[in-house]
Amino acid sequence: MKQILKVFKNFNFSKEEQEQNQMILDMVYELAMNEIIEKEQDWDEEGAHFDPQTKQVDYPSGMMELFKKCQENDLFAIIVPEQYDGFGLSYTLWTAVIELMARASLAFSMFFPSQSLSIEIINNYGTPEAKEKYLPLLSSGDAIGAMAFSEPNAGSDISAVATKAEKEGDSYYLTGNKVFLSHGGASGTNIGLAVTDKSLGPRGLSAFVIDPKIAKDGYEVVRIEEKMGLHGSITAQVALDRAEVPKENLLGKENEGLRLILGSLASSRIGIAAQSAGIAETALQESINYANQRVQFGRPIGKHQAISFMLADMATQVHQARLLYLNTAHMKHNGEDTQIESSMTKYFTTEIAQKVTYDAVQIHGGYGYSREYRVERLFRDARVLTIYEGTSEMQKMIISRGTLARAQ
Ligand SMILES: Cc1cc2nc3c(=O)[nH]c(=O)nc-3n(C[C@H](O)[C@H](O)[C@H](O)COP(=O)(O)OP(=O)(O)OC[C@H]3O[C@@H](n4cnc5c(N)ncnc54)[C@H](O)[C@@H]3O)c2cc1C
């Protein structure tokens, strides 16, 4: 917490804003480190649920109670504009909240980046009707925001989306399969891409807000993934079978969906960087505690240079990760173009999370490989960070293209 506030002091927040930031972060820290962290191991063991008969999904026990606490504390309203029942506060603060949540549980923190991306996309590209309807719901947390881009043949290349959208009267009807949908089946809004004009290729995709309440039986969970980590988070495969989407849920103009989504994804990646700093910070703290207490060859292992230098590297890397995500978040808050910087931030911090959680297991020795110790879960959970919201390879492509173009 102190480390985050130290960085905040360098930003152009007024005294009132600094006080408000501190008050919110204190509250989030209490919630994360006293209540959410208590449940993290149980959620990993229990995992998310899916009933193939009823097609209902569920988060592990107690997760929604803590989600409700976030609602009661108005956490999802932080970055929603005031006219839509939000507080209109900074993206910098929002990402610091994500870091604190990820320190307690990466699975729980999954509610946050997709919520802000949904808010941002609907606020920037939604029709007046969609904004009026969905932004207050996302602000209160009564709707969980989800992203439905990935499909069986569209992963890194989301332009390969095959779901088709047919316009009939005042609605579109979407048919196709969405995979790896975080919160799928539990979400109130799903931002998705579908083909509206096949002859135009990737330029013939449109973006929509798919509302399961409107789509009814046309939106059905087929299965949920059994994953290496992040067990408490729902990752669903969803079948869309003539899922109805009213025309006011079209985002931007028809056939402009890909540009709109790629542009929005570019800056949302800072949230994944904040998750990375959070999980790495916890791996570091667990390692420091263990290194102080585990004695081998007559002294705490932290006094052996190999371990103390490993801790020095980990602490430096966590600091770098935090500086980077907060700085890029603040650039975004100040309205600067962060397309390349967001990719650099996502790439660098997610790779750091791999390194730090790997070293945390090493410092714990055989115990680090045991389920009894937290670093085992941190290592498994962190693995996804270099994969979702664009793999490290995709980030490097964006960075290299961008820097080459800037040089010209
Ligand atoms: C837990 C979890 C949650 C997720 N949540 C969501 C979600 O909510 N919504 C959603 O839409 N998706 C979600 N995803 C999907 C995620 O975004 C994709 O898995 C990711 O974008 C990679 O796509 P892919 O898995 O199809 O891999 P592929 O695209 O098949 O890539 C496989 C490998 O090839 C590399 N590769 C691909 N193309 C190139 C290239 N041109 N040059 C060099 N290397 C290349 C990749 O970097 C990767 O290493 C989630 C995934 C997971 C695991």
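Out of L106, A154, Y347, whose Cα points farthest toward the positive end of the dipole of the chain (charges: +1 Lys, Arg; -1 Asp, Glu; placed on Cβ)?
About the Cα centre, the residue reaching furthest to the positive side is Y347.
Please sort 303-312, 191-200, 276-285, 247-256 by packing, taking for each peptide the average over its residues of neighbouring beta carbons within 10 angstrom, highest first. It would help to have the intermediate numbers written out before the result.
Values: 303-312: 13.8, 191-200: 19.8, 276-285: 27.5, 247-256: 17.9.
Packing proxy ranking, top to bottom: 276-285, 191-200, 247-256, 303-312.
Relative to the longest principal axis of the chain, what angle (0 to 90°, nearest 10) does the C-alpha long axis of helix 37-46 take?
60
Could you order the peptides 386-395, 29-38 from most to least packed, using the average number of other C-beta atoms within 10 Å per residue? Before the final figure, lay out each step's value.
Numbers: 386-395: 18.9, 29-38: 16.9.
Going from most to least packed, we get 386-395, 29-38.
Taking square-rooted eigenvalues a ≥ b ≥ c of the alpha carbon gyration tensor, is region 316-408 rounded, prolate or oblate, where a/c under 1.5 means rounded and, failing that, a/b exceeding b/c means prolate? Walk me through the intermediate numbers first.
Working: a/c = 3.03, a/b = 2.22, b/c = 1.37.
In terms of gyration-tensor shape, prolate.
Could you size up the charge dipole of the chain around its Cα centre, putting +1 on the beta carbon of Lys and Arg and -1 on that of Asp and Glu, and report it in debye to the nearest 20?
Values: 40 positive and 53 negative charges, 274 e Å.
Result for the chain is approximately 1320 debye, rounded to the nearest 20.
For the chain, place one equal point scatterer on every Cα, skip the solvent, and apply the Debye formula. What is log10 of I(q)/I(0) at q = 0.08, 0.09, 0.13, 0.14 Å⁻¹?
Log10 of I(q)/I(0), two decimals: -0.42, -0.53, -1.11, -1.28.
I need the phi-derived Karplus couplings for region 221-238: 6.51 cos²θ - 1.76 cosθ + 1.60, θ = phi - 60°, integer Hz, Gly and Pro marked x.
6, 8, 6, 10, 6, 8, 10, 4, x, 6, 4, x, 9, 7, 10, 10, 9, 10
Which value, in debye to the nearest 20, describes the size of the charge dipole of region 269-407 about its Cα centre when Lys and Arg Cβ atoms bear +1, Asp and Glu Cβ atoms bear -1, and nothing else is charged?
Details: 16 positive and 13 negative charges, 39 e Å.
Using only the charged Cβ atoms, the result is roughly 180 debye.
Would you mind checking the pairs K227/K355; K55/K213; K303/K355; K133/K227; K178/K216 and listing those with alpha carbons more than 25 angstrom apart?
Among K227/K355; K55/K213; K303/K355; K133/K227; K178/K216, the Cα-Cα distance tops 25 Å for K133/K227.
Taking the chain as a Gaussian network, where each spring joins two C-alpha atoms under 10 Å apart, which residue of S118, S90, S61 fluctuates the most?
Looking only at S118, S90, S61, the biggest GNM fluctuation is shown by S61.
Any chance you could give the angle, 0 to 90 degrees and rounded to 10, that helix 15-30 forms with the longest Cα principal axis of the chain?
80
Per DSSP helix of 4 or more residues, -39500 (n - 2.57); summed, then divided by the residues of the chain. What does that give at 222 nm, rounded to the nearest 500?
On the way: 16 runs with 212 residues, N = 408.
Per the formula, -16500 deg cm²/dmol.
Quick one: putting +1 on the C-beta of Lys and Arg, -1 on the C-beta of Asp and Glu, what dipole do you get for region 2-143 around its Cα centre, in Debye to the nearest 20? Please report the intermediate quantities before stating the final value.
Working: 11 positive and 24 negative charges, 106 e Å.
Approximately 500 debye in magnitude.
Applying the Karplus parametrisation 6.51 cos²θ - 1.76 cosθ + 1.60 with θ = phi - 60° to the phi angles of region 138-147, what ³J(HN,Hα) value in whole Hz is obtained for each residue in order, glycine and proline being reported as x?
Karplus-based 3J(HN,Hα) across region 138-147 equals 6, 5, 7, x, 5, 10, 8, x, 9, 10 Hz.
Identify, among T235, T54, M310, the residue whose Cα sits farthest towards the positive end of the charge dipole of the chain, taking +1 on the Cβ of Lys and Arg and -1 on the Cβ of Asp and Glu, with the dipole about the Cα centre.
M310
Which ³J(HN,Hα) values, rounded to whole Hz and listed in residue order, are derived for region 76-87 from phi using the Karplus coefficients 6.51, -1.76 and 1.60 in 6.51 cos²θ - 1.76 cosθ + 1.60 with θ = phi - 60°, glycine and proline given as x?
Here the 3J(HN,Hα) series is 6, 7, 3, 10, 7, x, 4, 5, 10, 6, x, 9 Hz.
If amide hydrogens are placed 1.01 Å from N in the peptide plane, which non-local residues have theirs closer than 5 Å to the one on I191?
Long-range HN contacts for I191: A146, M147, A148, I210.
Once you've got the GNM for the chain with C-alpha springs shorter than 10 Å, pick whichever of E72, E220, E351 has the biggest mean-square fluctuation.
Looking only at E72, E220, E351, the largest GNM fluctuation is found for E72.
Return the single residue from G257, G201, G145 with maximal mean-square fluctuation; model: Gaussian network over the chain, springs between Cα atoms under 10 Å.
Between G257, G201, G145, it is G201 that shows the largest mean-square fluctuation.
We did not get these values from a lab; they are worked out from the coordinates using the rules stated. This structure is a prediction, so every number in the text was calculated from the model and none was measured. Every residue, glycine among them, receives a Cβ derived from its backbone with ideal geometry; neighbour counts consider all protein chains shown.
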